[in-house]
Amino acid sequence: ESEALIEGLLQNGRLTFDQLVGRTISKVPEGTIRPAREEIRMNFNRLVSARYVERCPKAEPHFNPQEDEQSTTARKRAPKTAEEVLSLEQKVVNTATLSDPERFSEIPYSMEDASKTNDRPHNVVAGAKRKHGAFEVDEELNSTIAENEVLWRVNFEKFIFCLKKKFCADRKKPKLKVGTHPIWESFFEANLTDKDTNSVTSSIGGILEKLGQKEGGAAMSIGQIQPVLEDLQCTTSTGEEFTFDLHKMIEACRNEEIESLVKKKYGQEAFTIFRLLVTQGCAIETDQIIDTTILDKQIVHSTLYKLW
């Protein structure tokens, strides 16, 4: 059911939950049991909770350029500070952007669904609690709005982050020492936050917990894990949390790919010069390249011309 929900959002871009329910039920083959609406909602809320699905930005954000101009004038009179100047388009986008609690706010369970769930004890839906009075009316109203009016979409940041983690984990595996694979996998699985998509941060406790679920991992101690994480270029300031820079590794892998293409097309001399430029990360004078690479002056000039 979750796969069908993600597929619907990927194919259509953005849909209401009501449209997703209709699509999911229509995809069920004839002769098989169709999922109930509250079951689909439960799976959908799991995707929202895991941040794979999010509410779309405000369709009609309220932004008054005149008010913004007045506030800008007031700031100019105040003491100057280092402040980023945003374009009008970026200000509108910022106004439309939802906060994290709004983006990943699950669809509440209405009273009707809660009662149905109580009638079927084998299908308990988490979070479906019976409420009374005004709370009951508000909950039903919020559920109706979230189902019929709110547009949902796939959160690509989450998927890209997962792909980054998988790429870095797989890329480093062949170079790992014997017995360190479970620690490396546990480190990625114990990731604490998805807010920073360029790094993975895991606590030592979380790593131990994930490691305990792997064969032979339960016997490993913190003293054995910490040196391995340091060898894997994970940094720590407290000794309790370790961080791995995904961006740095992806950049290094990207450079390796480009270097191999340069070597294949232009030869060893071009590879040597190109690697020097990539490693330094700044402009280098031709004479310095000649001195550093110990290559013939004419070869350096002709190779640089080809690469240029």
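Between E149 and Q298, how high is the FRET efficiency from 1/(1 + (r/R0)^6) when r is the Cβ-Cβ distance and R₀ = 51 Å? Nearest 0.05.
0.10
Report in % the part of the accessible area of region 267-307 that belongs to carbon and sulfur, leaving out ligands and nucleic acids; probe 1.4 Å.
Ligands and nucleic acids excluded, carbon and sulfur reach 51 percent.
Return the loop-located trypsin sites (Lys or Arg not before Pro) in region 156-234 (DSSP other than H, G, I, E, B) with at most 14 other Cβ atoms within 10 Å of their own Cβ; answer none if there are none. All intermediate terms of the calculation are to be shown ahead of the outcome.
Values: sites: K158, K164, K165, K166, R171, K172, K175, K177, K195, K210, K214; in loops: K177, K195, K214.
Taking region 156-234 and a limit of 14 other Cβ atoms within 10 Å, the loop trypsin sites (Lys or Arg not before Pro) found are K177, K195.
How large is the accessible surface of C162 in square angstrom, using a 1.4 angstrom probe and rounding to the nearest 10?
For C162, the solvent-accessible surface is approximately 40 Å².
Ignoring ligands, DNA and RNA, what accessible area per residue does region 203-257 give at 1.4 Å, in Å²?
Numbers: 3250 Å² over 55 residues.
Each residue of region 203-257 exposes 59 Å² on average to a 1.4 Å probe.
Work out how much length L261 to F167 would gain on full extension: take 0.36 nm times their residue separation and subtract the Cα-Cα distance, in nm to one decimal.
Stretched fully, the L261-F167 segment lengthens by 31.8 nm.
Under the definition of Cα pairs under 8 Å and six or more residues apart, what whole-number percent is the relative contact order of region 267-307?
Relative contact order here is 49 percent.
Quick one: if the Förster radius is 45 Å, what FRET efficiency do E102 and Q288 give, using the C-beta to C-beta distance and rounding to 0.05?
Values: r = 54 Å, r/R0 = 1.19.
E between E102 and Q288, to the nearest 0.05, is 0.25.
Taking a quarter of the surface of the convex hull around the Cα atoms of region 157-248, what do you get in nm²?
Mean projected area for region 157-248: 5.6 nm², to one decimal.
Can you order the peptides 146-152, 241-247 by their average number of other Cβ atoms within 10 Å per residue, highest first?
241-247, 146-152
Would you mind checking which residues have amide H under 5 Å from V28's amide H? H placed 1.01 Å from N; only 5 or more apart, or other chain.
Here the answer is none, since no amide H 5 or more places off falls under 5 Å of that of V28.
Using θ = phi - 60° and the Karplus curve 6.51 cos²θ - 1.76 cosθ + 1.60, what whole-Hz ³J(HN,Hα) does each residue of region 202-209 get, with Gly and Pro shown as x?
Using θ = phi - 60°, the values come out as 10, 7, 5, x, x, 5, 4, 5 Hz.
Could you run the Karplus curve 6.51 cos²θ - 1.76 cosθ + 1.60 with θ = phi - 60° over region 217-227 and give me ³J(HN,Hα) per residue in whole Hz, x for Gly and Pro?
Rounded to whole hertz, the list is x, 4, 7, 6, 9, 4, x, 7, 6, 4, x.
For the pairs K166/K214; K58/K91; K172/K264; K173/K210, flag any whose C-alpha to C-alpha distance is greater than 20 Å. Numbers along the way, then the final one.
Values: K166/K214 18 Å; K58/K91 13 Å; K172/K264 24 Å; K173/K210 18 Å.
Checking Cα-Cα distances, K172/K264 exceed 20 Å.
Take the solvent-accessible surface of the protein heavy atoms, probe 1.4 Å, and return the percent of it on region 157-248 that carbon and sulfur atoms account for.
53
Would you mind computing, in nm to one decimal, how far apart the modelled labels at L88 and T279 are, each placed 7 Å from Cα along Cα→Cβ?
If labels sit at L88 and T279, their model points lie 5.1 nm apart.
What are the residues whose amide H is under 5 Å from the amide H of L151, where those residues sit 5 or more places off or on another chain and H is modelled from the backbone?
Those lying under 5 Å, H to H, from L151 are C56.
The values are calculated or read from the model by the stated rules, or taken from the named source; none is laboratory data. It should be emphasised that the depicted structure is a prediction, and the values quoted were computed from it without experimental measurement. All Cβ positions, glycine included, derive from the backbone under ideal geometry; neighbour counts span all protein chains shown. What goes into the accessible areas is simple: the full protein's heavy atoms, side chains included, and nothing from ligands, DNA or RNA. Shrake-Rupley method; radii C 1.70, N 1.55, O 1.52, S 1.80 Å.
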